[in-house]
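Let me begin by presenting the structure, written as structure tokens, before commenting on it.
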Amino acid sequence: MKIGFQGIEGSYSQQALLEHLGKKVDSIGFRSFEDVFLALEKGDIDKAFLPAENSIAGSVAPVFDLLLKKDFHIYSETFLKINHCVLAKKGNTLEKMKKVLSHPVALEQCRDFIERNKLIPVREYDTAGSALMISESEESDVCAIASPLCKRIYDLDILEENISTNLNNFTRFFVIGKEKVYLNETDKTSIVFKPKRSTSYGALVNTLDIFSKYEINLTRVESRPDPNKLWEYVFYIDIAMGENDKKLKKAMLVLADFTEFIKILGSYCHGEILKK
């Protein structure tokens, strides 16, 4: 089975993919989220494995924008604890390092460590890409912040592990496919909708009140700009209930009267934190 992810070998996405789906799958890296979705659309891959949100940095907006745009479905979710590691060429020590390369988000998440060790942060496009650059560099005083997977792939040493300022650093990932899969028992549903424009106040409140009326718990509510209408918004919601639940079915019927559209992005089982 071919599974597409964004990034190169050694990325956190690939690490989570292999831990979640097993090492027998064929993991294929792509430059952008759009490229992954295009490959799925063309049938070049069977499924996509993409980050949805980080517990510190928040949602990965482009992925949700693409889920709105494309007719794809979320099959499952999983959570990876992010272990930011300092990697350098073999035989080096942290004391010798002067510069550190990584993605801007990783650099920000490790700011305390970087400042404490008087390292000069250098922004790069990717965490794993930074590890690759270190492996090919002739400089001996440069290190990278990347996943532990990069140690083996790029033949590097790990000088320090778990260097995030906030160690409660988790990323949520989705397995996404073209065909809708009907599962008998699910306990989580992701939807996106747009409230009807109204001259009266409380259009959004009215939609959210529907879930309260039917005793439905919402675990995530987030707005994003409507890509087709200037200064208008759509709302992404995670519901702690499967789409076949009678309460949710009734609520969705009522919700339809208050919205311009509703799209079910997927109904799946609550994900677990990956453990090696």
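Each reported figure results from applying straightforward, stated rules to the coordinates on display, with no laboratory input. As the structure is a computational prediction, the values presented were derived from the model and not from experiment. With ideal geometry, Cβ positions are generated from the backbone for all residues, glycine too; neighbour counts draw on all protein chains shown.
Numerical summary
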quantity: Loop sites in the stretch 219-266: chymotrypsin sites (Phe, Trp or Tyr not before Pro), DSSP, at most 15 other Cβ within 10 Å; calculated: Trp231
quantity: Ranking of Met1, Met241 by count of other Cβ atoms within 10 Å, fewest first; calculated: Met1, Met241
quantity: Of Ile45, Thr259, Asn92, farthest towards positive along the dipole that unit charges on Lys, Arg, Asp, Glu beta carbons give the chain; calculated: Thr259
quantity: Cα centroid of the stretch 6-50 to Cα centroid of the stretch 106-122, whole Å; calculated: 29 Å
quantity: For the stretch 188-268, the Rg and Dmax computed from alpha carbons only, in angstrom; calculated: 12.2, 37
quantity: Sorted by Cβ neighbour density within 10 Å, fewest at the top, the residues Val221, Val25; calculated: Val221, Val25
quantity: With eigenvalues of the C-alpha gyration tensor scaled by 5 and rooted, the stretch 1-70, Å; calculated: 18, 16, 9
quantity: Sequence of Thr78, Thr93 once ranked by neighbouring C-beta atoms within 10 Å, starting from the fewest; calculated: Thr93, Thr78
quantity: Relative contact order for the chain, counting Cα pairs under 8 Å that sit 6 or more residues apart, in percent; calculated: 24 percent
quantity: Two-decimal log10 I(q)/I(0) for the stretch 87-209, as the Debye equation yields it once each C-alpha is a single scatterer, q = 0.09, 0.19 Å⁻¹; calculated: -0.45, -0.97
quantity: Cα-only Debye scattering, the stretch 117-276: base-10 log of I(q)/I(0) at q = 0.14, 0.18 Å⁻¹; calculated: -0.86, -1.07
quantity: For q = 0.07, 0.14, 0.15 Å⁻¹, Debye-computed log10 I/I(0) when each Cα of the chain counts as one equal scatterer; calculated: -0.30, -1.00, -1.09
quantity: Sparse-neighbour loop sites [chymotrypsin sites (Phe, Trp or Tyr not before Pro); the stretch 134-228; at most 11 other C-beta within 10 Å; DSSP]; calculated: Tyr182, Tyr201
quantity: Distance (nanometres) between label positions extended 7 Å along Cα→Cβ at Lys263 and Glu34; calculated: 1.6 nm
quantity: Point-charge dipole on Cβ atoms (K/R +1, D/E -1) for the stretch 3-140, about Cα centre, debye to 20; calculated: 500 debye
quantity: Value of Rg to Rh for the stretch 184-230 (Rh from inverse mean 1/r over Cα pairs, i.e. Kirkwood); calculated: 1.02
quantity: Length released on extending from Lys98 to Ala240, taking residue separation times 0.36 nm less the Cα-Cα span; calculated: 46.4 nm
quantity: Estimated 222 nm signal from helices in the chain, with DSSP H stretches of n ≥ 4 weighted -39500 (n - 2.57), rounded to 500; calculated: -7500 deg cm²/dmol
quantity: Neighbour-limited loop hits for GluC sites (Glu not before Pro), the stretch 69-170 (at most 16 other Cβ within 10 Å; DSSP other than H, G, I, E, B); calculated: Glu138, Glu139, Glu161
quantity: Value in Å of the Kirkwood radius, where the stretch 1-136 supplies the Cα pairs that are averaged; calculated: 16.3 Å
quantity: Cα pair count fraction exceeding 17 Å, expressed as % - the stretch 31-104; calculated: 60 percent
